[in-house]
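Dumping the structure here so I can ask a few things about it.
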Amino acid sequence: MSESVVTKEHSQDTQTENKDVIVSYKNITKSFGDVEVLKGINLDIKPAEKVALIGPSGSGKTTIIRMLMTLEQPTSGEIIVDGKNLWHMEKNGDLVPANEKHLREVRGDIGMVFQHFNLFPHMTILENCMTAPIHVQKEDKASAKERSIEMLKKVGLGDKLDNYPSQLSGGQKQRVAMARALVMRPKIMLFDEVTSALDPELVGEVLEVIRDIAKEGEMAMVLVTHEMEFALDIADRVIFLDNGVIAEEGTPSEVLEHSDNERLQQFLHRFRS
Amino acid sequence: MRGIEITITVLILSAIFGYLFAFIAGLCRLSTNPILRGFTSFYVEIFRGTSLIVQLFWLYYAIPMLFGIDLGSNLLAGVLAISLNYGAYMSEIVRGSILAVSKGQSEAATALNMSRFQRMRLVIFPQAVRMMLPEFGNYLIQMLKATSLVSLIGMHDILYHGNILRSSDLSAAPTVYLLILVFYFIMALPLIFLTRKGEAISKKGVASQ
Amino acid sequence: MNWRWDMFFEALPYVLQGIGVTIGLTFACYLFALIVGFGWTFLRRIPNKTINWIITWIMEFIRSTPPLVQLFFIFFAWPMVPYVGVTLSPFASAVLGLGIHFSTYIGEVYRSGIEGVEKGQWEASRALNFSTTQKWTKIILPQAIPPTIPMLGNYLIIMFKEVPLAATIGVVGILHMAESFGSVNFRYLEAYTIVALIFLALSYPSAILINKLERKMNRRFDKKAALNSMNESKGAVS
């Protein structure tokens, strides 16, 4: 942890930044053992912006969003969420590594949907959605229930409220997972290869829900995805990650159709063939 | 047959304390505090590494001598020996079950901004307990069998009364011991069915790797 | 604190006299259980529902009643049974009692090993037209036995820890020696502590050894067998 302590001047600098940025990665690196997965990522995300992260496996795209969700700690650098430093906090005028309390304060605006759904198997669909609003956000039970039902209806599962996750198809599970995250009313939603674990015929229903959410517009979304057509369709910006650095970024059409980055071309070629 | 109430009392008390020790030790072994972890590992290895009957005799005969204190009664020594012994074994089940809940569950709970305590209480623990059920049932039967040892430290359980009967009429021995075996089996039956129920419950509702 | 080292060193050689009997009894019981276990496995494979049901419940009966009472039955009651009753030495009674008790567990281990062999293997041996003997000796058993070895090893350790029960019917193992030392000198503390230390010194390293063996096996065989072994190694039996 000690290597990620930064000077105070630097941090104040970041606090006074442009209000138009909701998430900011500043020179983030991440190593697992001897392997450096991310080699200095600088990335700003605007409120309501939809960002698609693409790249070969092992390029570190999942690690980027996992660090934002506090599931992985950066080796060095800072992440600023809505003006607050995520992994560091102030203590007696010094910046020190964040404790659990600080992490909870900052990550409250972030939601995540996982590749393998990670629904709670011992709870019904409804309970999966209600639990966090009640226990984490201290919402009263009736209103949490009402909002959860509404959200589950929105993802097309209004008739499955009392089912258990094991009784659902993969596509349905993933829609529950999205409803569960949305009930928390995050400002930023992270999608970690949410269609990768699904049978091909179930991918469509999940993408449809994401598209609906994206259209509503007010949330920032970061999607790690292999669905290029989908990225082209809903993303405002596409980022191509290669070897732990951002190798190309721009609008979907710039990146997916008009880039002359050789590695990117190779990567896309594999997907189109 | 007399002495059944003693057998059942010892079983119930041993089970309560056994599960209690199992949870305490199992959670301590998962703690990040090395002293706590070391201490509980020591306890678990000592009690798993030696025989229950040796532990029982040690608690009953040796402890009072070592510290000059009397454990007060053979009930206390018996219950303590059985529950410490099986608590040590079952703590491994507690630890293993908690570790077996997939990492994704804890990550999903983090993504919903749950605190460490909430993650444990709402997500990990309910799933881990389901996994523990069949083994806990098995150990309950083991504890029932173990209660027969308390007759060796002078408690008046079924076996003790059986031994008395036998010594007053040697030819009655086959009937007496067969009856005792049947009594134990009748007591074990509900536990056997409970264990099977536990197996059925644990098969659903758990996300393990 | 009331620990006396002089008593400790006086008791040590005395108690150690029993170690040969304790270890010998452990292996004798274990061997007996291994053999009888085969019998159970064989009996349970008889394709008759009634017989299967009866065997299952006999095993359940032996398994869920205390070995101590079973020992008493064999040692004290068996000689009194008309016609078939014979008087057995304490050692033989212990081998019979503990051996039969644990054979029901061992039988389950064998069964899990056999059931762990994939269905395709049975079908393949049929497809290749092996005889029944060939099927078992060449295909099934070579695959069924290795995954059970760590489990069987665990039961050896468990058996070792159960053997002191035999002291109650007069087998002069280490526990019995400690008891008699205690009653002669009115000092139980050091003698029982020695017994505990001996158990720890022998069973702890064996447990580590078995653990290593198990991990090695898990790497060699599929994960399913590994999972089975986790569920089956039930720990102490008393």
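The values are calculated or read from the model by the stated rules, or taken from the named source; none is laboratory data. Predicted model, so just to flag it, every value in this text is computed and none were measured. We place every Cβ from the backbone using ideal geometry, glycine too, and count neighbours over all the protein chains shown. Heavy atoms of the whole protein, side chains included, go into the accessibility calculation; ligands, DNA and RNA do not. Shrake-Rupley method; radii C 1.70, N 1.55, O 1.52, S 1.80 Å.
Would it be correct to say that C:Glu179 is within 14 Å of chain B (Cβ to nearest Cβ), within 27 Å of C:Pro67 (Cα to Cα) and free of Cβ contacts under 8 Å to residues at least 40 places away in the same chain?
For C:Glu179, the condition - within 14 Å of chain B (Cβ to nearest Cβ), within 27 Å of C:Pro67 (Cα to Cα) and free of Cβ contacts under 8 Å to residues at least 40 places away in the same chain - is met.
Consider segment B:169-182. How many of its residues are surrounded by 14 or more Cβ atoms within 10 Å (Cβ to Cβ) and either farther than 16 Å from B:Ile158 by Cβ or within 9 Å of another protein chain (Cβ to nearest Cβ) (or both)? Lay out the reasoning, then the answer.
Going through segment B:169-182, the residues surrounded by 14 or more Cβ atoms within 10 Å (Cβ to Cβ) turn out to be B:172-181.
Keeping just the survivors that are either farther than 16 Å from B:Ile158 by Cβ or within 9 Å of another protein chain (Cβ to nearest Cβ) (or both) gives B:172-178, B:180-181.
Summing the residues that are surrounded by 14 or more Cβ atoms within 10 Å (Cβ to Cβ) and either farther than 16 Å from B:Ile158 by Cβ or within 9 Å of another protein chain (Cβ to nearest Cβ) (or both) in segment B:169-182 gives 9.
Here's a follow-up. Does segment A:56-74 hold any residues that are at pLDDT 90 or above, in contact with a Leu (Cβ under 9 Å, 6 or more places away or on another chain) and outside any helix (DSSP H, G or I), and which are they?
A:Met69, A:Thr70, A:Pro74
Kindly indicate the residue of segment A:178-196 that is within 11 Å of chain B (Cβ to nearest Cβ) and out of contact with any Pro (no Cβ under 9 Å at 6 or more places or on another chain) and also nearest to A:Leu152 (Cα to Cα) among those meeting that condition.
Looking at residues that are within 11 Å of chain B (Cβ to nearest Cβ) and out of contact with any Pro (no Cβ under 9 Å at 6 or more places or on another chain), I get A:Arg180.
Residues checked against (1) in contact with a Leu (Cβ under 7 Å, 6 or more places away or on another chain); (2) closer than 20 Å to C:Gln143 by Cα; (3) in a loop (DSSP other than H, G, I, E, B); (4) at pLDDT 95 or above:
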site: C:Pro79; (1), (2), (3), (4): no, no, no, no
site: C:Pro82; (1), (2), (3), (4): no, no, yes, no
site: C:Val86; (1), (2), (3), (4): no, no, yes, no
site: C:Gly99; (1), (2), (3), (4): no, no, no, yes
site: C:Phe102; (1), (2), (3), (4): no, no, no, yes
site: C:Glu108; (1), (2), (3), (4): no, yes, no, no
site: C:Arg111; (1), (2), (3), (4): no, yes, no, no
site: C:Glu115; (1), (2), (3), (4): no, yes, no, no
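Mind listing just one residue for me: the one in segment A:75-97 that is in a loop (DSSP other than H, G, I, E, B) and open to solvent by 10 Å² or more (accessible area, probe 1.4 Å) and, of those, nearest to A:Phe267 (Cα to Cα)?
Taking the candidates together, the pick is A:Thr75.
Where the second residue is at pLDDT 85 or above and charged (D, E, K, R) and the first is under 14 Å from C:Phe73 (Cα atoms) and lies in segment B:165-188, which pairs have Cβ atoms under 6 Å and are six or more apart or on separate chains?
From residues that are under 14 Å from C:Phe73 (Cα atoms), the pairs are B:Ala173/B:Arg166; B:Val176/B:Arg166.
Select, from B:Ala111, B:Ala100, the only residue that is touching a strand residue (DSSP E or B) at 6+ places or on another chain (Cβ under 6 Å) and more than 28 Å from C:Asn211 (Cα to Cα).
Result of the check over B:Ala111, B:Ala100: B:Ala111.
Determine the pairs where a residue that is under 17 Å from A:Val209 (Cα atoms), located within segment A:136-160, has a partner that is open to solvent by 30 Å² or more (accessible area, probe 1.4 Å) and polar (S, T, N, Q) with Cβ atoms under 9 Å apart, the partner being 6 or more residues away or on another chain.
Listed by first residue and then by second, the contacts come to A:Val155/A:Gln172; A:Gly156/A:Gln172; A:Leu157/A:Asn163; A:Leu157/A:Gln172; A:Lys160/A:Gln167; A:Lys160/A:Gln172.
Give just the number: which of (1) part of a strand (DSSP E or B); (2) of a type in the set (D, E, K, R); (3) within 10 Å of chain B (Cβ to nearest Cβ) does A:Glu36 not satisfy?
(3) is the only condition that A:Glu36 fails.
Continuing with the same structure: Among the residues that make up segment C:55-65, is at least one of them assigned to a helix (DSSP H, G or I) and away from chain B (no Cβ under 14 Å)? Full working, then the answer.
Going residue by residue through segment C:55-65, those that are assigned to a helix (DSSP H, G or I) are C:55-64.
Next cut, away from chain B (no Cβ under 14 Å) only: C:55.
For segment C:55-65, residues assigned to a helix (DSSP H, G or I) and away from chain B (no Cβ under 14 Å): present.
Let me ask something else. State all residues of segment A:134-155 that are closer than 30 Å to A:Asn85 by Cβ, part of a loop (DSSP other than H, G, I, E, B) and open to solvent by 40 Å² or more (accessible area, probe 1.4 Å); if no residue qualifies, say none.
If the condition is that a residue be closer than 30 Å to A:Asn85 by Cβ, part of a loop (DSSP other than H, G, I, E, B) and open to solvent by 40 Å² or more (accessible area, probe 1.4 Å), then A:Gln137, A:Lys138 are the ones that fit.
Quick check on segment B:83-99. Is at least one of its residues without any contact (Cβ under 8 Å) to a residue 60 or more places away in the chain and among the hydrophobic types (A, V, I, L, M, F, W, C)?
Scanning segment B:83-99, I find no residue that is without any contact (Cβ under 8 Å) to a residue 60 or more places away in the chain and among the hydrophobic types (A, V, I, L, M, F, W, C), so the answer is no.
Just the residues that are more than 25 Å from B:Tyr61 (Cβ to Cβ) and aromatic (Phe, Trp, Tyr), please, taken from segment B:148-189.
B:Tyr177, B:Phe183, B:Tyr184, B:Phe185
Here is a follow-up. Only one of B:Gly162, B:Gly104, B:Gly87 is surrounded by fewer than 20 Cβ atoms within 10 Å (Cβ to Cβ) and in a helix (DSSP H, G or I). Can you tell me which?
The match here is B:Gly104.
While we're on this one: Can you name the residue in segment C:74-90 that is within 7 Å of another protein chain (Cβ to nearest Cβ) and open to solvent by 40 Å² or more (accessible area, probe 1.4 Å) and, of all such residues, is farthest from B:Ser148 (Cα to Cα)?
Here the residue is C:Met80.
Could you list, in sequence order, the residues of segment C:141-167 that are surrounded by fewer than 18 Cβ atoms within 10 Å (Cβ to Cβ) and either without any contact (Cβ under 8 Å) to a residue 60 or more places away in the chain or within 25 Å of B:Ala146 (Cβ to Cβ) (or both)? Don't jump to the end; show me each part of the working.
Step one: list which residues in segment C:141-167 are surrounded by fewer than 18 Cβ atoms within 10 Å (Cβ to Cβ), which gives C:141-143, C:145-146, C:149.
Answer for segment C:141-167, where residues must be surrounded by fewer than 18 Cβ atoms within 10 Å (Cβ to Cβ) and either without any contact (Cβ under 8 Å) to a residue 60 or more places away in the chain or within 25 Å of B:Ala146 (Cβ to Cβ) (or both): C:Leu141, C:Pro142, C:Gln143, C:Ile145.
Just to be sure before I move on: is C:Ile114 open to solvent by 40 Å² or more (accessible area, probe 1.4 Å) and in contact (Cβ under 8 Å) with a residue 12 or more places away in the chain in the structure I sent?
Criteria not met by C:Ile114.
Failed condition for A:Thr131, given (1) over 19 Å from A:Ile213 (Cβ atoms); (2) assigned to a helix (DSSP H, G or I); (3) out of contact with any Asp or Glu (no Cβ under 9 Å at 6 or more places or on another chain); (4) away from chain B (no Cβ under 14 Å), with all others met?
Only one criterion is unmet by A:Thr131, namely (4).
Something else: Please report, ordered by residue number, the helices (runs of 4 or more DSSP H) entirely within segment B:1-78 with at least 3 residues that are open to solvent by 20 Å² or more (accessible area, probe 1.4 Å), more than 16 Å from B:Met155 (Cα to Cα) and not aliphatic (A, V, I, L, M).
In segment B:1-78, the matching helices (runs of 4 or more DSSP H) lie at B:4-28, B:34-49.
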